[in-house]
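Okay, structure first, notes after.
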Amino acid sequence: MTSAVYFSKFLVTKQVFYKSKHSYALVNLKPLVPGHVLVVPLKTSVVNLADLSREENEDFFNTVQLIHRFIKHHYKADSLNIAIQDGPEAGQTVPHLHTHIIPRYRTNNVGDKIYEMIDNWSYESWEERRREYLSSGGREGRKQLAKPDDQRVESSEERMEQEAVELSKELARFLENNPTLK
């Protein structure tokens, strides 16, 4: 990326692996699992979802959807968590709108505290996978695999830059193979 990109007040240019007109995707400083990335508006004054203009909103969610498809493909994820913590009371720790995209798997699934309510959610077409998930203990059965925030290790700047370069190359290849997503 050529121009400086900020996540709130933090310079993240070297972590960015995709940039659109109004948004960008970057590797996470403290990923929960490999492939945990963020999608963020370029404007640092956008703190909440309601701060986006219509054009910025369209670009932001198009970017979220593109990166969702790419991360699911690249990391061979069974599912993804898509999370926006809109305000400090919702758990937002950086005052800049951002969407977490987190790969999830049927086996060796690493939980997190953001989705305590997911165990109560149901939809007919998901019932078989949901039963499989719950029969393996659901969230309680895999909490021992999750690392609390204070035990998650920050990635080095060099590692994040390397990961961003790798993801940028893989995303370009993904878009070549899926031209309708451009």
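Here, each number is a calculation from the coordinates, and none is a lab measurement. Note that the structure is predicted; figures quoted are calculated from it, not measured. Note that each Cβ is placed from the backbone with ideal geometry, even for glycine, and that neighbours are counted across all protein chains shown.
Subtracting the Cα-Cα distance of ARG173 and PHE61 from their residue separation scaled by 0.36 nm leaves 38.2 nm. A cut-off of 5 Å between modelled amide H atoms, ignoring neighbours fewer than 5 places along the same chain, links GLN92 with GLY87. Karplus-derived 3J(HN,Hα) values for region 17-34, using 6.51 cos²θ - 1.76 cosθ + 1.60 with θ = phi - 60°, are 10, 8, 9, 10, 4, 10, 9, 8, 10, 9, 6, 8, 4, 10, x, 5, 9, x Hz; glycine and proline are entered as x.
Between LEU181 and SER3, the modelled label-to-label distance comes to 2.6 nm, taking each label 7 Å out from Cα in the direction of the beta carbon. Only residues of region 42-81 count here: report those whose backbone N is under 15 Å from the spot 7 Å along Cα→Cβ of ALA90, or say none. Within reach of a label on ALA90, which here means backbone N under 15 Å from a point 7 Å along Cα→Cβ, region 42-81 contributes 46-53, 57, 61.
Close amide-amide hydrogen proximity is noted between VAL47 and LEU97, each under 5 Å apart and 5 or more residues distant or on a separate chain (H modeled in the peptide plane; Pro and chain starts excluded).
If you take the C-alpha gyration tensor of region 1-48, multiply each eigenvalue by 5 and take the square root, what semi-axes do you get, largest first, in whole Å?
Numbers: eigenvalues 58, 30, 21 Å².
Three semi-axes, in Å: 17, 12, 10.
Full extension of the chain segment joining ARG69 with SER20 gains 16.1 nm, where the gain is 0.36 nm per residue of separation less the Cα-Cα distance.
Amide H contacts under 5 Å for ASN81: ILE102, ARG104, restricted to partners 5 or more places along the chain or on a different chain, H placed in the peptide plane at 1.01 Å from N.
Couplings for region 78-85, taken from phi via the Karplus curve 6.51 cos²θ - 1.76 cosθ + 1.60 with θ = phi - 60°, read 7, 8, 9, 8, 10, 9, 10, 9 Hz in order; Gly and Pro are left as x.
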